[in-house]
Amino acid sequence: MTSKFSRRNFLRVAGMTAAGAGLAACAPQTVVVTQQVEKQVEVEKVITATPEPVAVAPTKRVKIYVHDLVPEDTTGPGAFGLEQQKEFAEKYPEIEVVHLPWPNVTVEKRKEYWTAALSADSGGPSAVLFDNAEIAMENASAGLLAEFDPFLPLYFKEWNDVSPFIQDLVKYQGKVYSIPGNVEGIGYVVRNDYLTEAGYDERFEPKDWTEWEAMVKKLTNDKHQGFMWNWLLGGFVDNNGGAQALEKDDKSIELHYTANENLEAVKLFHGLLHPTNYASKDPFADFGALLNDFQQGNIAVFPFFPSWLNWLFGTAKFQPEQLNFYANPLGPSALAGNTLTKPGGWVNCHAYALGTHQKPEELDAAARYICFMHSLEQMQKQATWFKDNEIKGVFASPFKSIDWSQVSYGVPEWWGPTLPTMMDRARAPLAPDYKGGTYWDKAIEQIMRDPAADIQNVLQQAEDTCKREWLDEYTKKLQES
């Protein structure tokens with residue numbers, strides 16, 4: 001066990017995402033990478049079966065390449081990855097793991113990076129640690145990942161202990177393509193001092209959209225804006241039972257841009273934004289600047305992953321006890337019980353996946369490594385390690401038998417009820433092959449920039465364009481296959 005870290009040293013470097021025990025998908029990265037992909041690589045969608053696993057002979061040396069480098073001087077939650085890697089090396093000396101640096105680029109660029117790496121002529125890495133399961137499933141849909149199903153009975157016998165909705169997150173077309181790691185959900189944080197200033201109790205929690213809208217309006221004044229909208233909108237759509245697109249059993253996709261559940265969410269946010277409720281930086285261009293605005297007190301409400309605690313409070317003047325963290329409240333359609341989909345928040349899990357271009361013994365060794373790193377035993381050790389090293393990592397476990405609070409040691413008591421609520425409401429991606437989201441995003445940007453926007457008409461035009469430019473071709477290829 002490593003020596004304990006001082007809180008000061010820990011906060012100084014918190015924010016590490018290496019080894020999958022760091023922060024959420026959009027937190028800043030500190031690992032230096034030697035290669036960055038600047039061009040998207042187009043990959044033909046071909047799903048291939050994973051070869052039957054071959055047991056690694058104890059006397060045969062096998063080398064695998066894994067994107068999960070953890071620098072030796074790492075502190076904070078990421079340092080637990082060093083403990084795991086050392087333990088694996090001691091337990092399986094016949095497997096040499098070459099730890100490659102995680103790409104220090106934006107989320108969108110990391111998607112391009114993995115696509116290029118996994119489809120490389122040289123064969124690509126043996127395993128990749130993705131920001132989240134959604135990106136992993138995109139690579140699975142492109143035929144770049146190997147199935148885990150043959151390896152589960154060999155190396156991940158605790159699979160049935162994984163929560164069902166987390167199992168769904170890492171499946172594509174009914175096959176498992178990733179082993180899930182730390183889990184968390186996105187909600188929002190509110191500054192307590194601004195709540196009390198507006199006449200609320202510092203632990204006030206809006207139970208529905210009406211209360212949330214009233215709170216944001218009261219938090220908006222000439223000193224600070226009420227909220228930063230664009231990262232919150234998707235969560236509110238989800239919690240109102242809305243969806244841009246739904247995938248049928250035959251893999252065909254229906255668009256629902258103008259469904260009432262979606263319209264309600266967009267109208268709510270549009271009404272709050274105009275004419276005065278803009279953050280001091282452009283929400284369409286600079287997330288980092290908006291986060292800094294929140295840290296500096298210019299924004300009262302902010303979208304938030306729980307694991308950002310350590311990173312955020314390393315630079316901000318306030319501490320966790322000075323904030324409230326909530327799951328997004330249910331909307332009117334959800335409360336009425338008549339929705340397009342089951343209302344549920346977006347939940348993220350780190351995702352280890354296998355590259356396809358490997359020799360059977362390399363594939364087997366990589367599967368053994370991944371299953372070890374995210375096993376039930378390692379999750380239990382992580383909880384103990386966090387406690388022993390005074391690490392306030394706010395992660396839930398994918399396993400039903402491990403209460404999330406065991407993994408999330410040291411969080412404030414008021415945090416307690418929120419994450420289980422988010423877990424209970426979680427749902428899997430509804431249309432993993434849907435690639436038309438850019439049309440929705442452009443429509444939302446147009447709406448939010450125009451106080452007089454005809455919301456339904458703009459969304460309908462975006463849906464028509466998406467159908468004409470993307471969906472019709474997708475449907476044609478689906479029918480041909």
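Each value in this text was obtained by applying a stated rule to the coordinates, not by laboratory testing. Please read these numbers as outputs of a predicted model, since none were measured by experiment. Neighbour counts are summed over all protein chains in view; Cβ atoms, including those assigned to glycine, are modelled from backbone coordinates with ideal geometry.
Which residue pairs have Cβ atoms under 7 Å apart, sit 6 or more places apart or on different chains, and have a first residue in region 93-113 that is more than 24 Å from Thr438 (Cα to Cα) and a second that is surrounded by 20 or more Cβ atoms within 10 Å (Cβ to Cβ) and of a type in the set (Phe, Trp, Tyr)?
Going by the 7 Å Cβ cut-off, the qualifying pairs are Ile95/Tyr369; Val97/Tyr369; Val98/Tyr65; Leu100/Tyr65.
Could you check region 286-307 and list, in sequence order, the residues that are more than 14 Å from Leu195 (Cα to Cα) and not in a loop (DSSP other than H, G, I, E, B)?
Across region 286-307, the qualifying residues are Phe287, Gly288, Ala289, Leu290, Leu291, Asn292, Asp293, Phe294, Gln295, Gln296, Pro303, Phe304.
I'd like to verify a number: residues in region 326-380 that are of a type in the set (D, E, K, R) and more than 22 Å from Gln167 (Cβ to Cβ), how many?
So the count comes out to 4.
From the list Ala117, Ala133, pick out the single residue that is crowded, with 21+ Cβ neighbours inside 10 Å, closer than 30 Å to Asp433 by Cβ and touching a Cys at 6+ places or on another chain (Cβ under 8 Å).
Unique residue meeting the criteria: Ala133.
Which of (1) buried (at least 17 other Cβ atoms within 10 Å of the Cβ); (2) touching a helix residue (DSSP H, G or I) at 6+ places or on another chain (Cβ under 8 Å) is the odd one out, the single condition Val162 does not satisfy?
(2)
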